[in-house]
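**Student:** Let me begin by handing over the structure; questions about it come next.
Laboratory data are not the source of any read-out in this text; all were calculated from the coordinates shown. Treat the numbers as computed from the prediction; the structure is a model and nothing was measured. We place every Cβ from the backbone using ideal geometry, glycine too, and count neighbours over all the protein chains shown.
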Amino acid sequence: MTKDSERLLTTARGGKAKTGPFNNPLDFIAEDHMREREVCALIDKLVTASSTKSAERKMIVEFLTEQLPLHLADEEIDLFPMMLERCDPEEEIKELIEKLEADHGHALADAPAIAALIEVNKTSDTGFSEKACARMIDFAGHARRHLILENAIILPIARVRLTEDDLETMRNHMRERRLDHHKEKTK
């Protein structure tokens, strides 16, 4: 387990990002990024430890299947298009956003598979197969590299470039997405 994973495990908050009030949607996205890093640390723990708490496994599965798709939609439907509109061409943000969108495609495809691996193995203390471990390690490593780009480049530029109207639109869309998701889930 990496030092980053160990630190995140000792500070992991679990649960979901606060859903209201969305004072600043960029802060909400940053909190989702921290939660994703915590989930990566828990995945590392699953791979290296012989047993984990069922609450930790549940947190991983819930994040990958419920929260991650909403988070990716926040970025792809609102954040990225707004940044493309607000940033100057010489900032070369378009190429980075295209890479991040490709990463999102992989995350949306891989996250359910990782969640399924964890679900299938939730009552076993025998650990995961070598193939499953490699897949989980690859997923967590890819997610971390992706988060570095978003936290170091995208969010700081967004904080400078997005207008109050952009943030209000984003806040409203994020709220609507979560309400719609909740309604769909409780049907």
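**Student:** Kindly provide the helix-only [θ] at 222 nm of the chain, computed as the sum of -39,500 (n - 2.57) over DSSP H runs of four or more divided by all residues, to the nearest 500 deg cm²/dmol? Each step should come with its number before you reach the end.
**Tutor:** Numbers: 9 runs with 132 residues, N = 187.
It lands at -23000 deg cm²/dmol.
**Student:** With r defined as the distance between the Cβ atoms of T48 and A152 and R0 fixed at 22 Å, what FRET efficiency is calculated, to the nearest 0.05? Can you show the working numbers first?
**Tutor:** Working: r = 27 Å, r/R0 = 1.23.
Taking R0 as 22 Å, the efficiency between T48 and A152 is 0.20.
**Student:** Next question, about the same structure. Of K99/K185; K122/K187; K131/K187, which sit over 28 Å apart, Cα to Cα?
**Tutor:** On the way: K99/K185 31 Å; K122/K187 26 Å; K131/K187 36 Å.
Violating the 28 Å limit, Cα to Cα: K99/K185; K131/K187.
**Student:** How high is the relative contact order of the chain? Use alpha-carbon pairs under 8 Å, at least six apart in sequence, and give a whole percent. Display every interim value, and only then the final one.
**Tutor:** Numbers: 142 pairs, mean separation 63.0, N = 187.
Relative contact order, the chain: 34 percent.
**Student:** Moving on. How high is the FRET efficiency between E91 and E62 when r is their beta carbon distance and R₀ equals 45 Å, given to the nearest 0.05?
**Tutor:** Details: r = 36 Å, r/R0 = 0.80.
E between E91 and E62, to the nearest 0.05, is 0.80.
**Student:** Treating the angle as unsigned and between 0 and 90°, give the value, to the nearest 10°, between the Cα long axis of helix 130-149 and the longest Cα principal axis of the chain.
**Tutor:** Between the helix axis and the principal axis of the chain, the angle is about 20 degrees.
**Student:** Residue by residue, what Karplus-based ³J(HN,Hα) values in Hz, rounded to whole numbers, does the range 25-31 have, using 6.51, -1.76 and 1.60 with θ = phi - 60° and x for Gly and Pro?
**Tutor:** Coupling constants for the range 25-31: x, 5, 5, 4, 4, 4, 5 Hz.
**Student:** Any idea what diffusion coefficient the range 37-128 gets from Stokes-Einstein, in µm²/s, Kirkwood Rh on alpha carbon pairs, 20 °C, 1.002 mPa s?
**Tutor:** On the way: Rh = 14.9 Å.
For these conditions, the coefficient is 144 µm²/s.
**Student:** Let me ask something additional. Using every Cα-Cα pair within the chain, state what percent have a distance larger than 30 Å. Spell out each step's value before the answer.
**Tutor:** On the way: 3763 of 17391 pairs.
When every Cα pair of the chain is considered, 22 percent fall beyond 30 Å.
**Student:** How are the Cα pair distances of the range 102-153 distributed, in percent, across 5 Å bins from 0?
**Tutor:** Pairs per bin, as whole percents: 4, 19, 25, 22, 14, 9, 5, 2, 0.
**Student:** Once the Cα atoms of helix 164-185 and of the chain are each reduced to a long axis, what angle between those two axes, in degrees from 0 to 90 to the nearest 10, is obtained?
**Tutor:** 40
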